[in-house]
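Here the structure is laid out as C-alpha coordinates; the discussion comes afterwards.
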Amino acid sequence: MIKKMKGLLLFFTLPLCLISCRASLYKETRLSMSTLVTVLVSAVAEPDWQELFSGAENEAALFDHRLPGSPLKELNDGRSPELPVELIKVLRLAMEIAEQSDGAFDPTILPLISLWNFDSGGELPHEEEILAARNMVDYRLVKIDAQGAVELPSCYGFDLGGIAKGAVVDQIAAYLNEEGYENFLIDAGGDILLSGLKRGKEPWSIGIRHPRSRDKLIGLLPLGGAGESRAVVTSGDYERYFEYGGKRYHHILDPRSGYPAESSISVTVIAATCARADGLATAVFVLGPDQGLELLEGLPGVEGMIIAEGMPGSREYLIRTTSAFPLTAEELDRAAEEMHSPEGRETN
Ligand code: ADP
Ligand code: MG
(Lines give C-alpha, C1' and ligand atoms only; values in the text may rest on other atoms or scores of the structure.)
(Ligands and ions follow the chains in the order given, each with its own letter.)
Protein backbone atom coordinates (compact mmCIF):
# COMPACT_ATOMS: atom_id res chain seq x y z
CA MET A 1 0.00 0.00 0.00
CA ILE A 2 2.80 2.37 0.98
CA LYS A 3 4.66 1.45 -2.20
CA LYS A 4 1.56 2.20 -4.24
CA MET A 5 1.23 5.62 -2.52
CA LYS A 6 4.85 6.42 -3.30
CA GLY A 7 4.25 5.52 -6.92
CA LEU A 8 1.26 7.84 -7.02
CA LEU A 9 3.20 10.67 -5.41
CA LEU A 10 5.99 10.22 -7.90
CA PHE A 11 3.48 10.23 -10.70
CA PHE A 12 2.00 13.55 -9.53
CA THR A 13 5.19 15.33 -8.54
CA LEU A 14 7.28 14.37 -11.53
CA PRO A 15 5.45 16.55 -14.10
CA LEU A 16 5.39 19.47 -11.62
CA CYS A 17 9.10 19.09 -10.98
CA LEU A 18 9.81 18.88 -14.69
CA ILE A 19 8.11 22.25 -15.15
CA SER A 20 9.74 24.07 -12.19
CA CYS A 21 13.15 22.40 -12.63
CA ARG A 22 13.31 23.54 -16.23
CA ALA A 23 12.36 27.14 -15.30
CA SER A 24 15.13 29.74 -15.50
CA LEU A 25 15.35 33.26 -14.16
CA TYR A 26 15.47 35.67 -17.10
CA LYS A 27 16.44 39.30 -16.53
CA GLU A 28 16.43 42.39 -18.74
CA THR A 29 17.22 46.01 -17.82
CA ARG A 30 16.50 48.93 -20.15
CA LEU A 31 16.20 52.68 -19.87
CA SER A 32 12.55 53.64 -20.04
CA MET A 33 10.60 56.63 -18.62
CA SER A 34 13.97 58.24 -17.73
CA THR A 35 14.75 55.44 -15.31
CA LEU A 36 16.23 51.96 -15.38
CA VAL A 37 13.48 49.38 -15.65
CA THR A 38 14.39 45.81 -14.68
CA VAL A 39 12.13 42.84 -15.36
CA LEU A 40 12.88 39.42 -13.85
CA VAL A 41 10.89 36.43 -15.04
CA SER A 42 10.98 32.84 -13.73
CA ALA A 43 9.79 30.71 -16.63
CA VAL A 44 10.71 27.99 -19.07
CA ALA A 45 10.88 30.44 -21.98
CA GLU A 46 12.31 33.97 -22.20
CA PRO A 47 9.79 36.78 -22.84
CA ASP A 48 9.94 38.85 -26.01
CA TRP A 49 11.76 41.79 -24.40
CA GLN A 50 11.43 44.02 -27.44
CA GLU A 51 7.64 43.65 -27.46
CA LEU A 52 7.46 44.12 -23.68
CA PHE A 53 9.52 47.33 -23.59
CA SER A 54 8.02 48.89 -26.71
CA GLY A 55 4.55 48.25 -25.20
CA ALA A 56 5.72 50.03 -22.04
CA GLU A 57 7.04 53.00 -24.05
CA ASN A 58 3.71 53.33 -25.90
CA GLU A 59 1.80 53.24 -22.62
CA ALA A 60 4.14 55.81 -21.01
CA ALA A 61 3.58 58.17 -23.96
CA LEU A 62 -0.15 58.28 -23.14
CA PHE A 63 0.60 59.79 -19.73
CA ASP A 64 3.29 62.23 -20.83
CA HIS A 65 2.17 65.87 -20.92
CA ARG A 66 5.49 66.97 -22.49
CA LEU A 67 5.12 64.89 -25.63
CA PRO A 68 3.83 66.94 -28.60
CA GLY A 69 0.61 65.41 -29.91
CA SER A 70 0.06 63.18 -26.84
CA PRO A 71 -3.56 63.09 -25.65
CA LEU A 72 -2.58 64.56 -22.28
CA LYS A 73 -0.75 67.49 -23.88
CA GLU A 74 -3.75 68.12 -26.15
CA LEU A 75 -6.03 68.11 -23.13
CA ASN A 76 -3.71 70.52 -21.27
CA ASP A 77 -3.66 72.78 -24.35
CA GLY A 78 -7.43 73.18 -24.09
CA ARG A 79 -8.42 70.82 -26.91
CA SER A 80 -10.82 67.89 -26.52
CA PRO A 81 -8.97 64.90 -27.92
CA GLU A 82 -10.37 61.38 -27.99
CA LEU A 83 -8.89 59.92 -24.81
CA PRO A 84 -7.61 56.33 -24.72
CA VAL A 85 -9.31 54.17 -22.08
CA GLU A 86 -5.98 53.60 -20.28
CA LEU A 87 -5.59 57.36 -19.78
CA ILE A 88 -9.18 57.78 -18.57
CA LYS A 89 -8.60 54.95 -16.09
CA VAL A 90 -5.44 56.58 -14.69
CA LEU A 91 -7.11 60.01 -14.53
CA ARG A 92 -10.01 58.51 -12.56
CA LEU A 93 -7.60 56.78 -10.15
CA ALA A 94 -5.62 60.02 -9.76
CA MET A 95 -8.86 61.85 -8.88
CA GLU A 96 -9.81 59.12 -6.40
CA ILE A 97 -6.43 59.44 -4.61
CA ALA A 98 -6.74 63.24 -4.69
CA GLU A 99 -10.10 62.94 -2.92
CA GLN A 100 -8.85 60.35 -0.41
CA SER A 101 -5.88 62.56 0.48
CA ASP A 102 -7.90 65.81 0.44
CA GLY A 103 -5.69 67.22 -2.31
CA ALA A 104 -2.27 66.28 -0.88
CA PHE A 105 -1.99 64.34 -4.14
CA ASP A 106 -3.24 66.59 -6.92
CA PRO A 107 -2.95 65.58 -10.60
CA THR A 108 -3.42 69.25 -11.64
CA ILE A 109 -0.03 70.11 -10.09
CA LEU A 110 1.49 71.04 -13.49
CA PRO A 111 1.60 74.88 -13.11
CA LEU A 112 3.58 74.47 -9.87
CA ILE A 113 5.85 71.69 -11.15
CA SER A 114 6.67 73.74 -14.28
CA LEU A 115 7.82 76.65 -12.11
CA TRP A 116 10.31 74.49 -10.22
CA ASN A 117 11.73 73.18 -13.49
CA PHE A 118 13.03 69.91 -12.06
CA ASP A 119 13.34 68.56 -15.62
CA SER A 120 16.33 70.86 -16.13
CA GLY A 121 17.91 70.43 -12.71
CA GLY A 122 15.52 72.66 -10.76
CA GLU A 123 15.36 76.34 -9.81
CA LEU A 124 13.92 78.28 -6.89
CA PRO A 125 10.88 80.27 -8.08
CA HIS A 126 9.87 83.70 -6.73
CA GLU A 127 7.26 83.62 -4.02
CA GLU A 128 4.72 85.64 -6.08
CA GLU A 129 5.04 83.11 -8.90
CA ILE A 130 4.31 80.30 -6.49
CA LEU A 131 1.27 82.14 -5.13
CA ALA A 132 -0.06 82.65 -8.66
CA ALA A 133 0.58 79.03 -9.72
CA ARG A 134 -1.06 77.70 -6.55
CA ASN A 135 -4.32 79.27 -7.72
CA MET A 136 -4.18 77.15 -10.87
CA VAL A 137 -3.95 73.84 -9.02
CA ASP A 138 -7.17 72.25 -7.79
CA TYR A 139 -8.42 68.78 -8.68
CA ARG A 140 -11.89 69.77 -7.42
CA LEU A 141 -12.43 71.83 -10.58
CA VAL A 142 -11.86 68.84 -12.89
CA LYS A 143 -14.88 67.00 -14.26
CA ILE A 144 -14.82 63.52 -15.76
CA ASP A 145 -18.21 62.33 -17.01
CA ALA A 146 -19.46 58.75 -17.27
CA GLN A 147 -18.24 58.51 -20.90
CA GLY A 148 -14.75 59.66 -19.90
CA ALA A 149 -14.99 63.21 -21.29
CA VAL A 150 -12.69 65.45 -19.23
CA GLU A 151 -13.22 69.14 -18.46
CA LEU A 152 -10.26 71.14 -17.21
CA PRO A 153 -10.35 74.92 -16.49
CA SER A 154 -8.14 76.99 -18.81
CA CYS A 155 -4.58 77.59 -17.50
CA TYR A 156 -4.85 74.31 -15.60
CA GLY A 157 -2.79 71.27 -16.57
CA PHE A 158 -2.42 67.62 -15.65
CA ASP A 159 0.94 66.22 -14.55
CA LEU A 160 0.63 62.49 -13.95
CA GLY A 161 4.29 62.09 -12.89
CA GLY A 162 3.21 60.88 -9.43
CA ILE A 163 1.24 57.91 -10.74
CA ALA A 164 2.23 57.23 -14.40
CA LYS A 165 5.26 55.04 -13.72
CA GLY A 166 3.13 52.74 -11.56
CA ALA A 167 0.49 52.56 -14.29
CA VAL A 168 3.12 51.51 -16.85
CA VAL A 169 4.40 48.82 -14.47
CA ASP A 170 0.82 47.49 -14.19
CA GLN A 171 0.64 47.41 -17.98
CA ILE A 172 3.89 45.39 -18.19
CA ALA A 173 2.43 42.96 -15.62
CA ALA A 174 -0.77 42.64 -17.69
CA TYR A 175 1.32 41.92 -20.79
CA LEU A 176 3.28 39.19 -18.96
CA ASN A 177 0.04 37.67 -17.63
CA GLU A 178 -1.43 37.61 -21.13
CA GLU A 179 1.68 35.84 -22.36
CA GLY A 180 1.15 33.18 -19.68
CA TYR A 181 3.89 34.24 -17.23
CA GLU A 182 3.02 33.89 -13.55
CA ASN A 183 6.28 34.42 -11.64
CA PHE A 184 7.94 37.78 -12.25
CA LEU A 185 9.13 41.03 -10.73
CA ILE A 186 9.16 44.45 -12.39
CA ASP A 187 11.18 47.32 -10.92
CA ALA A 188 10.91 50.77 -12.50
CA GLY A 189 13.25 52.83 -10.30
CA GLY A 190 11.49 52.03 -7.02
CA ASP A 191 8.04 51.27 -8.45
CA ILE A 192 7.90 47.50 -8.02
CA LEU A 193 5.32 44.87 -8.87
CA LEU A 194 5.85 41.23 -8.07
CA SER A 195 3.82 38.23 -9.08
CA GLY A 196 3.92 34.64 -7.84
CA LEU A 197 7.22 33.33 -6.50
CA LYS A 198 10.89 33.62 -7.39
CA ARG A 199 11.95 30.53 -9.37
CA GLY A 200 8.37 29.39 -8.75
CA LYS A 201 9.20 28.43 -5.14
CA GLU A 202 10.46 31.23 -2.84
CA PRO A 203 9.12 34.71 -1.95
CA TRP A 204 10.62 37.70 -3.72
CA SER A 205 12.75 39.86 -1.49
CA ILE A 206 12.24 43.60 -1.82
CA GLY A 207 14.92 45.87 -0.37
CA ILE A 208 13.82 49.26 0.96
CA ARG A 209 16.59 51.79 0.47
CA HIS A 210 17.93 53.87 3.33
CA PRO A 211 16.88 57.45 2.40
CA ARG A 212 20.18 59.00 3.48
CA SER A 213 22.67 56.28 2.62
CA ARG A 214 22.56 54.99 -0.93
CA ASP A 215 24.10 51.57 -0.26
CA LYS A 216 22.17 50.68 2.87
CA LEU A 217 18.83 49.00 3.28
CA ILE A 218 16.17 49.74 5.88
CA GLY A 219 14.92 46.20 5.50
CA LEU A 220 14.02 43.36 3.18
CA LEU A 221 10.36 42.62 2.59
CA PRO A 222 9.60 39.00 1.74
CA LEU A 223 6.56 39.20 -0.54
CA GLY A 224 4.72 36.96 -2.95
CA GLY A 225 2.85 33.70 -3.12
CA ALA A 226 1.53 31.38 -5.80
CA GLY A 227 -1.09 33.23 -7.83
CA GLU A 228 -0.63 36.47 -5.85
CA SER A 229 0.55 39.85 -6.99
CA ARG A 230 1.58 42.91 -4.94
CA ALA A 231 3.00 46.32 -5.70
CA VAL A 232 5.58 48.11 -3.52
CA VAL A 233 6.42 51.74 -4.26
CA THR A 234 8.85 54.04 -2.49
CA SER A 235 8.87 57.81 -2.94
CA GLY A 236 11.77 59.75 -1.44
CA ASP A 237 13.14 63.27 -1.24
CA TYR A 238 16.48 61.91 -2.54
CA GLU A 239 15.30 60.99 -6.02
CA ARG A 240 15.20 64.38 -7.76
CA TYR A 241 16.35 67.45 -5.93
CA PHE A 242 18.66 70.42 -5.98
CA GLU A 243 20.31 72.26 -3.11
CA TYR A 244 20.27 76.01 -2.61
CA GLY A 245 21.54 77.90 0.43
CA GLY A 246 22.16 74.58 2.22
CA LYS A 247 18.55 73.48 1.78
CA ARG A 248 17.25 70.51 -0.20
CA TYR A 249 14.42 71.24 -2.67
CA HIS A 250 12.91 68.04 -4.07
CA HIS A 251 10.23 67.18 -6.60
CA ILE A 252 7.26 66.21 -4.42
CA LEU A 253 5.34 69.42 -3.83
CA ASP A 254 2.76 70.23 -1.22
CA PRO A 255 -0.05 71.70 -3.37
CA ARG A 256 -1.21 73.80 -0.42
CA SER A 257 2.09 75.68 -0.04
CA GLY A 258 3.55 75.24 -3.52
CA TYR A 259 6.88 74.22 -1.92
CA PRO A 260 8.47 70.76 -1.52
CA ALA A 261 6.66 68.76 1.17
CA GLU A 262 8.70 68.62 4.36
CA SER A 263 6.98 66.16 6.64
CA SER A 264 8.53 62.93 5.25
CA ILE A 265 11.80 61.87 3.69
CA SER A 266 10.72 58.45 2.41
CA VAL A 267 7.39 56.64 2.05
CA THR A 268 6.81 53.03 1.03
CA VAL A 269 3.32 51.83 0.12
CA ILE A 270 2.19 48.25 -0.56
CA ALA A 271 -1.04 47.89 -2.57
CA ALA A 272 -2.73 45.63 -5.10
CA THR A 273 -1.71 47.68 -8.13
CA CYS A 274 1.40 49.69 -8.80
CA ALA A 275 -0.51 52.78 -10.00
CA ARG A 276 -2.42 52.92 -6.70
CA ALA A 277 0.72 52.33 -4.62
CA ASP A 278 2.54 55.03 -6.62
CA GLY A 279 -0.18 57.67 -6.21
CA LEU A 280 -0.64 56.83 -2.52
CA ALA A 281 3.12 57.01 -1.84
CA THR A 282 3.20 60.55 -3.24
CA ALA A 283 0.03 61.48 -1.30
CA VAL A 284 1.32 60.09 2.01
CA PHE A 285 4.69 61.74 1.46
CA VAL A 286 2.89 65.10 1.42
CA LEU A 287 0.54 64.26 4.32
CA GLY A 288 3.36 63.15 6.64
CA PRO A 289 3.35 60.45 9.36
CA ASP A 290 0.13 61.21 11.29
CA GLN A 291 -2.36 61.91 8.52
CA GLY A 292 -0.51 59.60 6.12
CA LEU A 293 -0.80 56.57 8.39
CA GLU A 294 -4.42 57.38 9.13
CA LEU A 295 -5.16 57.37 5.39
CA LEU A 296 -3.32 54.07 4.77
CA GLU A 297 -4.87 52.28 7.80
CA GLY A 298 -8.32 53.10 6.42
CA LEU A 299 -7.65 51.47 3.04
CA PRO A 300 -8.19 47.70 2.79
CA GLY A 301 -5.21 45.71 1.50
CA VAL A 302 -2.85 48.68 1.78
CA GLU A 303 0.19 48.91 4.07
CA GLY A 304 2.90 51.51 4.41
CA MET A 305 6.04 52.80 6.09
CA ILE A 306 6.94 56.46 6.59
CA ILE A 307 10.37 57.76 7.51
CA ALA A 308 10.50 61.33 8.77
CA GLU A 309 12.88 63.66 10.53
CA GLY A 310 12.26 63.81 14.29
CA MET A 311 12.39 67.62 14.10
CA PRO A 312 12.47 69.60 10.85
CA GLY A 313 16.08 69.84 9.70
CA SER A 314 17.31 67.54 12.50
CA ARG A 315 19.28 64.38 11.92
CA GLU A 316 17.10 62.27 14.15
CA TYR A 317 14.76 60.04 12.19
CA LEU A 318 11.59 58.21 13.04
CA ILE A 319 10.14 55.21 11.26
CA ARG A 320 6.42 54.48 11.48
CA THR A 321 4.40 51.73 9.83
CA THR A 322 0.83 50.57 9.45
CA SER A 323 -0.20 47.67 11.68
CA ALA A 324 0.44 44.83 9.19
CA PHE A 325 3.51 46.18 7.39
CA PRO A 326 5.75 43.14 6.76
CA LEU A 327 8.76 44.11 8.91
CA THR A 328 9.10 42.80 12.46
CA ALA A 329 9.42 45.15 15.46
CA GLU A 330 13.08 44.02 15.85
CA GLU A 331 13.86 44.78 12.23
CA LEU A 332 12.31 48.22 12.61
CA ASP A 333 14.23 48.90 15.84
CA ARG A 334 17.47 47.86 14.14
CA ALA A 335 16.72 50.08 11.15
CA ALA A 336 15.92 53.05 13.44
CA GLU A 337 19.16 52.51 15.38
CA GLU A 338 21.19 52.30 12.18
CA MET A 339 19.63 55.49 10.89
CA HIS A 340 20.95 57.31 13.94
CA SER A 341 24.44 55.83 13.66
CA PRO A 342 27.06 58.14 12.10
CA GLU A 343 27.58 55.98 9.02
CA GLY A 344 23.84 56.08 8.38
CA ARG A 345 23.93 59.82 7.73
CA GLU A 346 23.88 62.00 4.67
CA THR A 347 25.96 59.98 2.28
CA ASN A 348 23.81 60.57 -0.78
P1 ADP B 1 9.20 59.30 -8.44
O2 ADP B 1 8.67 59.72 -9.78
O3 ADP B 1 10.56 59.82 -8.15
O4 ADP B 1 9.05 57.86 -8.17
P5 ADP B 1 6.77 60.22 -7.20
O6 ADP B 1 5.99 59.03 -7.61
O7 ADP B 1 6.54 60.70 -5.82
O8 ADP B 1 8.32 60.02 -7.35
O9 ADP B 1 6.39 61.34 -8.23
C10 ADP B 1 6.94 62.62 -8.24
C11 ADP B 1 6.30 63.37 -9.38
O12 ADP B 1 4.90 63.53 -9.11
C13 ADP B 1 6.82 64.76 -9.61
O14 ADP B 1 7.91 64.76 -10.48
C15 ADP B 1 5.62 65.45 -10.20
O16 ADP B 1 5.52 65.13 -11.58
C17 ADP B 1 4.45 64.80 -9.48
N18 ADP B 1 4.04 65.45 -8.23
C19 ADP B 1 4.79 66.19 -7.36
N20 ADP B 1 4.07 66.57 -6.30
C21 ADP B 1 2.82 66.07 -6.48
C22 ADP B 1 1.61 66.11 -5.74
N23 ADP B 1 1.52 66.74 -4.58
N24 ADP B 1 0.52 65.49 -6.27
C25 ADP B 1 0.59 64.84 -7.46
N26 ADP B 1 1.69 64.75 -8.20
C27 ADP B 1 2.80 65.34 -7.72
MG1 MG C 1 4.15 58.41 -6.78
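Couple of notes before you dig in:
- Degrees between helix 274-287 axis and first principal axis of the chain (Cα, 0 to 90, nearest 10): 40 degrees
- Entries in 89/198; 27/201; 27/89; 73/165; 73/143; 165/247 that, when Cα-Cα distance is taken, lie over 24 Å: 89/198; 27/89; 165/247
- Under the shape rule built on the C-alpha gyration tensor, where the axes satisfy a ≥ b ≥ c, the chain is oblate, since a/c reaches at least 1.5 while a/b does not exceed b/c.
- Heavy-atom accessible surface of region 106-171: percent carbon and sulfur, 1.4 Å: 49 percent
- Region 143-185 residues near the modelled residue 88 label - backbone nitrogen below 18 Å, point 7 Å along Cα→Cβ: 143-152
- Taking the Cα centre of the chain as origin and assigning +1 to Lys and Arg Cβ atoms and -1 to Asp and Glu Cβ atoms, the resulting dipole is close to 1380 debye.
- Anisotropy class of region 83-126 from Cα gyration tensor, a/c 1.5 cut: oblate
- Checking every one of the trypsin sites (Lys or Arg not before Pro) in region 70-132 against DSSP loop status and a limit of 11 other Cβ atoms within 10 Å picks out 79.
- Accessible surface, per residue, of the chain when the full set of protein chains is kept, probe 1.4 Å, Å²: 50 Å²
- Dipole-positive endmost among 108, 284, 321 within the chain (Cβ charges, Cα centre): 321
- Three-way shape label, region 203-348, alpha-carbon gyration tensor, a/c 1.5: oblate
- Fraction of accessible area attributable to carbon and sulfur, region 190-347 (%, probe 1.4 Å): 49 percent
The values are calculated or read from the model by the stated rules, or taken from the named source; none is laboratory data. On a predicted model such as this, the values are computed, not experimentally measured, just so you know. Cβ sites come from the backbone with ideal geometry, for glycine too, and all protein chains shown count toward neighbours. Surface areas here come from the heavy atoms of the whole protein model, side chains and all, with no ligands, DNA or RNA. Shrake-Rupley method; radii C 1.70, N 1.55, O 1.52, S 1.80 Å.
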